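Colleague: What follows is a single structure, and I will ask about it in a moment.
The values are calculated or read from the model by the stated rules, or taken from the named source; none is laboratory data. Quick caveat, the model's predicted, so the values are computed rather than measured. Neighbour counts run over all protein chains shown; Cβ positions are idealised from the backbone, glycine included.
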Amino acid sequence: MQQPFIYLRALRHADHTVFCVQDGQKTYWDNQFGKYVPFSSGQQVKRSMIESILSSLGASPAPITFNYEVSKKEKLGNGEPWSPCDPSYPDQILAGWMKAATDEVTIKRRSPLSISAMRPLHPLLANTSSEAVSYNASNNPNLKVRVRWEGGNELTPEELASFLTEKKVVRPLNQLFFPEGKVGPRASGLFVYDIALDLRTLFCVSLNQHEPELRKDTIEKLRAAGWVESKNVFGACLVCPKDEREKIITALAHGLIQWRITSNQARTYSPMETLAVAISDNANKLAAVIRAKLKEGVDKPAAEPIVDNSTVIAGTSVFVTPPCDGYIVGVHGTITALDDAEQELITRLRAFDYEKQ
């Protein structure tokens, strides 16, 4: 009998880039090795994956309503964003939802995808670096320089020239310079992310009205659209039609492996190439396949990355790409590794009987 979970771990290399914006790059403190290490939040990874899945499907995201409230003091306050809570949208059935409107019963669905942050394979195998940057417009013939007195009027060209001479200002006014420390750090190193797929709820939405996932009108809409009534370990449910499942399965397998960071990397782009992917029905086996170990007999603590594809581990498949050869000794990648990993995911996703659990 197939296990109702699929676990995936992928190893990526990032080079002088930014995952997301929080003082330039999110970091956390590793207590054992006494250093800040960069990471990309699980929410950002999930959002990037969903965008990749929707792109593969040629589908748009579900409509979202942002609510705001004007207080008695005429200040604009944030309210809860509302989603349609409708699994006929691919991003909704995969990402889940929650709506707690004051005039309605709260409805919520947990995502069948549990996604970790993308963090260093080992704290000693990733780092951050900072740099000084400048903005230079000296070659722009349409450049204008505007200088004002504090809280006052703009200086005339004569006043500006007099000021620069008197104060002995030698810096060019057609450039901006940001010293090191004023610009957020960049991330480099080897990073992993983990995913757990709950096949029991992947394409099944509960009909339980004591803790509802769906509004009654949505239930009738889904029934009319061909969703199949069935049961899983959580009780009565509606199952996504097979033809829709097939479309989503193919896009899902592609998105979980081929996604890319979608934050601003205008001048810090890194392909973040995938070095290895491991797929299993046991999360602990993945931790053994893609891992790191401390080197022995060295004066300064150092770590060594490991991708163990030399032995066959029951229920686990390992795929290594050619770039991995440049970072890990003893492994040899294949050009078709990521395509093979996608196909492995598709095979496992298709093998589960969603309608007769």
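Colleague: Which condition number in (1) without any contact (Cβ under 8 Å) to a residue 60 or more places away in the chain; (2) surrounded by 15 or more Cβ atoms within 10 Å (Cβ to Cβ) is the one that GLN209 fails?
Modeller: Only one criterion in (1) without any contact (Cβ under 8 Å) to a residue 60 or more places away in the chain; (2) surrounded by 15 or more Cβ atoms within 10 Å (Cβ to Cβ) is unmet by GLN209, namely (2).
Colleague: Let me ask another. Among the residues of region 318-351, which ones are touching a Pro at 6+ places or on another chain (Cβ under 9 Å) and of a type in the set (Gly, Ala, Ser)?
Modeller: Once the filter is applied, which keeps residues that are touching a Pro at 6+ places or on another chain (Cβ under 9 Å) and of a type in the set (Gly, Ala, Ser), region 318-351 yields GLY333, ALA337.
Colleague: Further question: Restrict the check to region 103-110 and report whether at least one residue is closer than 29 Å to PHE191 by Cβ and either touching a residue at least 60 places away in the same chain (Cβ under 8 Å) or not acidic (Asp, Glu) (or both).
Modeller: yes
Colleague: Tally time: how many residues in region 212-227 are hydrophobic (A, V, I, L, M, F, W, C) and surrounded by 17 or more Cβ atoms within 10 Å (Cβ to Cβ)? Write out each step before concluding.
Modeller: The first filter runs over region 212-227 and keeps only residues hydrophobic (A, V, I, L, M, F, W, C), leaving 214, 219, 222, 224-225, 227.
Subsequent filtering for residues that are surrounded by 17 or more Cβ atoms within 10 Å (Cβ to Cβ) retains 214, 219, 222, 227.
Qualifying residue count for the region: 4.
Colleague: Return yes or no: is ALA278 closer than 30 Å to ILE328 by Cβ and part of a helix (DSSP H, G or I)?
Modeller: It is false that ALA278 is closer than 30 Å to ILE328 by Cβ and part of a helix (DSSP H, G or I).
Colleague: Let me ask another. Exactly one of these conditions fails for SER56: (1) in contact with an Asp or Glu (Cβ under 9 Å, 6 or more places away or on another chain); (2) polar (S, T, N, Q); (3) within 22 Å of GLU244 (Cα to Cα). Give me its number.
Modeller: (1)
Colleague: Suppose the filter is touching a Leu at 6+ places or on another chain (Cβ under 8 Å), surrounded by fewer than 15 Cβ atoms within 10 Å (Cβ to Cβ) and either at pLDDT 80 or above or not β-branched (Val, Ile, Thr) (or both); does GLU69 pass it?
Modeller: So GLU69 passes the test.
Colleague: If you take the residues in region 94-132 that are in contact with a Gly (Cβ under 6 Å, 6 or more places away or on another chain) and small (Gly, Ala, Ser), which one is nearest to THR250 (Cα to Cα)?
Modeller: So the residue we want is SER111.
Colleague: Within region 286-303, does at least one residue satisfy the condition of being of a type in the set (Val, Ile, Thr) and touching an Asp or Glu at 6+ places or on another chain (Cβ under 7 Å)? Write out each step before concluding.
Modeller: Pass one, region 286-303, residues of a type in the set (Val, Ile, Thr): 289-290, 298.
Of the ones still in play, those that are also touching an Asp or Glu at 6+ places or on another chain (Cβ under 7 Å) are 289.
Scanning region 286-303, I find at least one residue that is of a type in the set (Val, Ile, Thr) and touching an Asp or Glu at 6+ places or on another chain (Cβ under 7 Å), so the answer is yes.
Colleague: Picking from ILE248, ILE257, which residue would you name as being under 30 Å from PRO123 (Cα atoms), in contact (Cβ under 8 Å) with a residue 40 or more places away in the chain, surrounded by 18 or more Cβ atoms within 10 Å (Cβ to Cβ) and in contact with a helix residue (DSSP H, G or I) (Cβ under 7 Å, 6 or more places away or on another chain)? Please lay out each step first, then the result.
Modeller: Details: ILE248 fails: under 30 Å from PRO123 (Cα atoms).
Of ILE248, ILE257, the one residue that is under 30 Å from PRO123 (Cα atoms), in contact (Cβ under 8 Å) with a residue 40 or more places away in the chain, surrounded by 18 or more Cβ atoms within 10 Å (Cβ to Cβ) and in contact with a helix residue (DSSP H, G or I) (Cβ under 7 Å, 6 or more places away or on another chain) is ILE257.
Colleague: In region 323-339, how many residues are loosely packed, with under 14 Cβ neighbours inside 10 Å and assigned to a helix (DSSP H, G or I)?
Modeller: Number satisfying all stated conditions: 1.
Colleague: Follow-up question, since we're still on this one. Taking region 99-157 only, how many residues are modelled with pLDDT of 80 or more, loosely packed, with under 12 Cβ neighbours inside 10 Å and not in a loop (DSSP other than H, G, I, E, B)?
Modeller: Of the residues in that region, 3 qualify.
Colleague: Have a look at ALA276, ALA292 and point out the one that is surrounded by 14 or more Cβ atoms within 10 Å (Cβ to Cβ), within 23 Å of the chain's Cα centre (by Cα) and under 23 Å from GLU342 (Cβ atoms).
Modeller: ALA276
Colleague: So if I check each of ALA62, ALA95, which one is touching a Phe, Trp or Tyr at 6+ places or on another chain (Cβ under 7 Å) and either within 30 Å of LYS216 (Cα to Cα) or of a type in the set (Ser, Thr, Tyr) (or both)?
Modeller: ALA62
Colleague: Take region 289-313 and flag every residue that is closer than 25 Å to LYS35 by Cβ and either aliphatic (A, V, I, L, M) or in a strand (DSSP E or B) (or both).
Modeller: ILE290, ARG291, ALA292, LYS293, LEU294, VAL298, ALA302, ALA303, GLU304, PRO305, ILE306, VAL307
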